[in-house]
Every structure is written in structure tokens, then in C-alpha cells.
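These notes concern the structure reproduced below.
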Amino acid sequence: MGLISLIANVAGTTFNSISTQIQDQYLEFFTQDSLGQDILVKKGVNKMEKGRNKGSSEVISNGSVINVPEGCFCLLVNNGEIVDCVSEAGAYKWDTSTAPSILANKNFGENVKASIGDIWNRMKMGGEIQQQQRVYFVNKLEMMNQNFGTPSPVPYADPEYRNIYIRLNGTFSFRVENPITFFRNIVGNVRDEYTVAEFMGTPAKPQQPRLEFLDNITETLNKCGGPYPNGIMFSTLPSKQGEFRRYMQDCLDDEWLQKRGIVVETVAIASVTPDDKSRERIEKVDEAKLYGQDQAALGAAVALGQTEAMKNAGANANGAVNGFMGLGVMGTVGGNNATAAGLGAVQQAQGQPQTGFFAGQQAAPAAAPAAPVAAGWTCSCGQTGNTGKFCGNCGQPQPAPVAAGWTCSCGQTGNTGKFCGNCGKPQPAAAPTACPKCGWQPADGNMPKFCPECGTKIE
């Protein structure tokens, strides 16, 4: 019985080997329609209808034709190994001795010998085929409309407003630059297709490449920010797509190209918005710049504030009289005069005289000049008008004049050198009278901590 089973098994194996070899004789034709924006890699399938190869789908007969369309790479995989890569569109012939066919070419006798040898190899494997040959088409189109957005505000060194926090959203695109690296490291020997969603994920459920893109946005923003002239204001980032894309490529392309065979193609910013605290700071800086550059605007703001105060006084629940009493107190510290001066600045800028309620009102008159000081010097006893070297009342000598010079923080007066004669401290630097960056000077001589013109900190 054992011998009979062995003979039957050998006979069946021989029949299966010959049968499968005959079924694989027909040549095949492979091609692929456009992969579009959703599929990155797709396995090629036989497109023939008449005279179709009835054998294994994992065997490509020698001499079969592969038609590579525009917008695709073509990878030829033999027994799991990439044996060729085609990047140009056109028709190509599969030429390998691992899957012989008597129809491969005109050398019929040689083709028969190779086919018989392949039958023997299949018999040794129990009638099974020990080969796997596949055609893969890789999409080389630009994969567009990949949405991105910062989940929380990110820091940005704005050249105008200094350190602020902004939210950023937009789209980016990528494409496969090296199909062999992409296939080996990312896709592998897939049975059917590999999609963009599998690779990138979605904004709601991002895969690692999308997360890496978001992580590198902060590094890119650091390159876009900084002081003038190279720094880019946050509000103009959407118009600087080229710089942003270049910086993003610098951050990602080397790593993505070497590890995954892909590159960032474009980055488009849809909107940039500061967070609430940054927006409040930006509005204050802009307001200070406006009033510093336009005196008429400053006067209008003062007049508007005083007018609102008068309206609130009239609507005071405790009585208009009490409200106007409060307004009168404000007037005593310069409120009415400030309003008149403010309106005067507006109308002076427009070349018009003051009219209405404030007509005839001017700024507070200058104080009367002080009475002239009596000639002579005053003694410590109180005697004034001494003209001689001694006091006419008590006889004390005239005090020596105070030496010129500067006063140190230790109390030493009359220092004339660069260092204090008592403690050795250096002479303090004179307070700045103008902005060191833009040269702005205050009209009243009082320098603020920050320049209202350019925002520079004044030391």
C-alpha cells in the first residue's frame, strides 16, 4: 500500500507540474490607470481577456508586456526582491529566465528546454510553484490638500511685537521622490494597494509622518521670526509661502527622503491668528504707534474720552449734579484743559478754528513769574541781601560756592572726573534722549521704557 501511495503521489505531482506549466505559457499584459490622490502603491494585474493566462497570478511569463502610464513609477519584484524600476512612461517587456515560456521569442527549442526544466523544479516542490513575481505601480503625482493645524498656540518671535503666541493652519503636499526607498521601508510586498490615508492618517487621527510635520512647524517658525530685516511679521506669513516652504523642506526633506523616499512639495498657510493675550498686546502697541505718529489722533482720543465721561456723568444714577461735580474735580487736574488742547490739536491739523462748547477755551495760562530774588547772599541766620564777605546781622563769613561737578550715589559732591573721589564708582551714564534704533525723541523730554515708534526697549 505504501508503494502504491508513493507511485500515485508521484504521478499526481507530475501531472500538476506539467498542468501548471502549460497554464502559465500564455504571455500577459500589465498596465494601470491613474492612481489619483488616494492611492500611493498598487499591485499590477493582468489586463488580458482573450487568451488569458490560466496559471498562477504570482507568475509572470517571460516575454510579457508591461505598459507604464504617465504619473507612475513601475517596480518589478522577483521572489520578493526589486529587480528593476521604471520611471518613464512606455511599454516594457518582462525578461527573466525564472518563468520560461515557449512563446517568449522565436527560439522555440531553447524555450521548450527551459520550460521542461521548470516542470522538473515544480515536481521537486510537490507540484507547487516556488516563485513569486509581481508588478507594482507607485504614484509619483503630488499628493495635495493635506490639512494641518497647530492644536495649541505656538511661540513666534515677531520682529514688530516681539514674543507672541499664534495659531497656524493650512495645507501641504508631498510626493514620492525615491520609489525604491518608499517601497522597501514603508510599503513592503502589499497584496493589493497602499493608500495615502494609511501613510499620513487624518487630522483627527494623524499617523507619524503628519505628527512629524506638525512638530517641525515650531522649528520653521523660529527660522521665519527674528529681528528686521530678515524677520517676517506674523500677519504677513500667508504671503510668504515660498520662504515657509523652503524652511519646512530644510527641516523635513533630508530625514523624509533618506528614510521614506518622499519630499515636501508645497506648504500653503490659510490663516494665522494670535491668542487672546498676544492680540491685546498687539493692539496696545499699534495704538501707541498711532498716537506717537499722529498728534491729531491723540487729540481726538483725548476729546472722545472726555465726551464719554460727560455722558456718563449725565446718566449717573446718583444725580447729574454729583456726576458733574466729579467731572469738575477732573477738570481741576487738567481734564477740561486737556480736552480743549486735544480738540485744538485736531482742528489745528485741519486748519480750522475751535468752535462750540470749547470755543475760547485755551490751555491753562502760564504761572506768573516769580518775584526777583534780592541781590546778595543769604546767611544761615536768615539775613538776606548781604553784599560783603561777612553777614551784616551775625558777622558769619560768606559760605564758599558749591564746587561744580557730579554727585555720586554715596553722597560725594563736586566730582569732576570719571570716577567718584570717595568710593571709586564710575560716573553714571547720561539718560538717553532718543530711541537708539529709530531715533524717536519725546516732545516733553521724558523717555518711556519702550519706544512708541518701533517698540525697542530703552535702557
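The values are calculated or read from the model by the stated rules, or taken from the named source; none is laboratory data. All values reported here derive from a predicted model rather than from experimental measurement. Cβ coordinates were reconstructed from backbone atoms using ideal geometry, including for glycine residues, and neighbour counts include every protein chain displayed.
Structure above, values below:
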item: Leading residue by the ranking (farthest from GLY170 (Cα to Cα)) among those in the stretch 209-265 that are surrounded by 16 or more Cβ atoms within 10 Å (Cβ to Cβ) and among the aromatic types (Phe, Trp, Tyr); result: TRP256
item: Residue within the stretch 415-423 that is outside the structural domain of CYS451 (by TED's automatic domain parsing), assigned to a loop (DSSP other than H, G, I, E, B) and on the phi > 0 side of the Ramachandran plot present; result: no
item: Residues located in the stretch 163-206, provided they are within 29 Å of ASN230 (Cβ to Cβ), crowded, with 17+ Cβ neighbours inside 10 Å and not β-branched (Val, Ile, Thr); result: TYR165, LEU168, GLY170, PHE172, SER173, PHE174
item: Per-region count, the stretch 149-197, residues farther than 22 Å from GLY36 by Cβ, in contact with a helix residue (DSSP H, G or I) (Cβ under 8 Å, 6 or more places away or on another chain) and among the charged types (D, E, K, R); result: 2
item: Filter result for the condition that a residue is closer than 21 Å to ARG162 by Cβ and of a type in the set (Val, Ile, Thr), over THR202, THR181, THR236; result: THR236
item: Test: residue in the stretch 369-377 that is among the aliphatic types (A, V, I, L, M), at pLDDT 80 or above and in a loop (DSSP other than H, G, I, E, B); result: no
item: Scan of the stretch 401-432 for residues that are among the polar types (S, T, N, Q) and either surrounded by 10 or more Cβ atoms within 10 Å (Cβ to Cβ) or touching a Pro at 6+ places or on another chain (Cβ under 6 Å) (or both), ordered by number; result: THR407, GLN412, THR413, ASN415, THR416, ASN422, GLN427
item: Single match in TYR194, TYR161 (criterion: modelled with pLDDT of 95 or more and of a type in the set (Ser, Thr, Tyr)); result: TYR194
item: One residue from ASP84, ASP118 being on the phi < 0 side of the Ramachandran plot and either over 50 Å from the mean Cα position of the chain (by Cα) or at pLDDT below 75 (or both); result: ASP118
item: Residue check, PRO209 out of contact with any Leu (no Cβ under 8 Å at 6 or more places or on another chain) and either β-branched (Val, Ile, Thr) or on the phi < 0 side of the Ramachandran plot (or both); result: yes
